[in-house]
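In what follows, a single structure is set out as structure tokens and then discussed.
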Amino acid sequence: AGINNNSAGTCNIDVAAPQGDAYRNEIRSVAAYTVRVGSSNFVCTGQLVNNFRQDSTPYFLTANHCGATASSSNSVVLYWNLQRATCGSGDGSLNQTQSGSVFRASDATADFTLLQLNAAPSASFNVHFAGFDASGSAPQSGAAIHHPQGDVKKISLYSTTSFSMSVSIDGRDTDAWAVRWAQ
């Protein structure tokens, strides 16, 4: 799958839809990206995340299965604001890009990779640093913002309290939050 190819399933909701209104800042933290692994380019999604110091270090969180590693992280090309201006029609713009990152951490079992971008995104891109909650309290509702199959940005929502689920990460049992998608 390529970038901006209108390949997401019809059940996916454009972030321009009213369902995205409560998440406008978080939507600005998400980017599609490509990474070169061997002789192939892979398309995936990630988000710009803040750290505990809130010092605007440009950390980018993505899934481990996307293929960004210490040897491929410099090939990362990010596409910010790849989304429709109105719900259901048009293409997203590929004009807001940046390249290169440094691999910082990953875990295949937990399916995460943390990259540090070579530079902060341009101020003209109006990106947002996503936050996080380390309190341990069960989220009551929320959203996943992503680029399914490289398509323009979409949003999925859950509106019931998440629940603890036992999983194995790096060979040790732990708990993680599970959700039931509503939209």
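The values are calculated or read from the model by the stated rules, or taken from the named source; none is laboratory data. Bear in mind the structure is a predicted one, so any value in this text is a computation, not a measurement. Methodologically, a virtual Cβ is constructed for each residue, glycine included, from the backbone with ideal geometry; neighbour enumeration extends over all protein chains shown. Accessible surface areas use protein heavy atoms only, side chains included; no ligands, DNA or RNA. Shrake-Rupley method; radii C 1.70, N 1.55, O 1.52, S 1.80 Å.
Just a few scattered comments:
- Within the stretch 39-68, being under 19 Å from Ala108 (Cα atoms) and either small (Gly, Ala, Ser) or loosely packed, with under 14 Cβ neighbours inside 10 Å (or both) holds for Gly46, Ala63, His65, Gly67, Ala68.
- Scan of the stretch 112-141 for residues that are open to solvent by less than 70 Å² (accessible area, probe 1.4 Å) and under 18 Å from Asn25 (Cβ atoms), ordered by number: Ala120, Pro121, Ser122, Phe125, Val127, His128, Phe129, Ala130, Gly131, Pro139, Ser141
- Index of the failed condition, Ser162 passing every other in (1) at pLDDT below 90; (2) out of contact with any Pro (no Cβ under 9 Å at 6 or more places or on another chain): (2)
- Test: residue in the stretch 18-28 that is buried (at least 21 other Cβ atoms within 10 Å of the Cβ), in a strand (DSSP E or B) and in contact with a helix residue (DSSP H, G or I) (Cβ under 8 Å, 6 or more places away or on another chain): no
Residue by residue, here is whether (1) modelled with pLDDT under 85; (2) basic (Lys, Arg) holds:
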| position | (1), (2) |
| --- | --- |
| Gly131 | no, no |
| Ser135 | yes, no |
| Ala143 | no, no |
| Lys154 | no, yes |
| Val167 | yes, no |
| Thr174 | yes, no |
| Trp181 | yes, no |
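- Failed criterion for Arg36 (all others in (1) in contact with a Ser or Thr (Cβ under 7 Å, 6 or more places away or on another chain); (2) within 23 Å of Leu157 (Cβ to Cβ) hold): (2)
- Here Ser71 meets each of (1) open to solvent by less than 60 Å² (accessible area, probe 1.4 Å); (2) within 18 Å of Phe42 (Cβ to Cβ); (3) out of contact with any strand residue (DSSP E or B) (no Cβ under 7 Å at 6 or more places or on another chain) with one exception, condition (1).
- The set of residues from the stretch 43-96 being modelled with pLDDT under 90 and aromatic (Phe, Trp, Tyr) comprises just one member, Phe52.
Yes/no per residue for (1) assigned to a loop (DSSP other than H, G, I, E, B); (2) acidic (Asp, Glu); (3) without any contact (Cβ under 8 Å) to a residue 24 or more places away in the chain:
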{"site": "Asn51", "(1), (2), (3)": "yes, no, yes"}
{"site": "Tyr79", "(1), (2), (3)": "no, no, no"}
{"site": "Gln83", "(1), (2), (3)": "yes, no, no"}
{"site": "Leu94", "(1), (2), (3)": "yes, no, no"}
{"site": "Arg104", "(1), (2), (3)": "no, no, no"}
{"site": "Leu115", "(1), (2), (3)": "no, no, no"}
{"site": "Ala134", "(1), (2), (3)": "yes, no, yes"}
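- Every listed requirement among (1) open to solvent by less than 70 Å² (accessible area, probe 1.4 Å); (2) outside any strand (DSSP E or B) is met by Trp181 save one, (1).
- Count of the stretch 136-178 residues which are within 19 Å of the chain's Cα centre (by Cα), farther than 22 Å from Cys44 by Cα and assigned to a loop (DSSP other than H, G, I, E, B): 2
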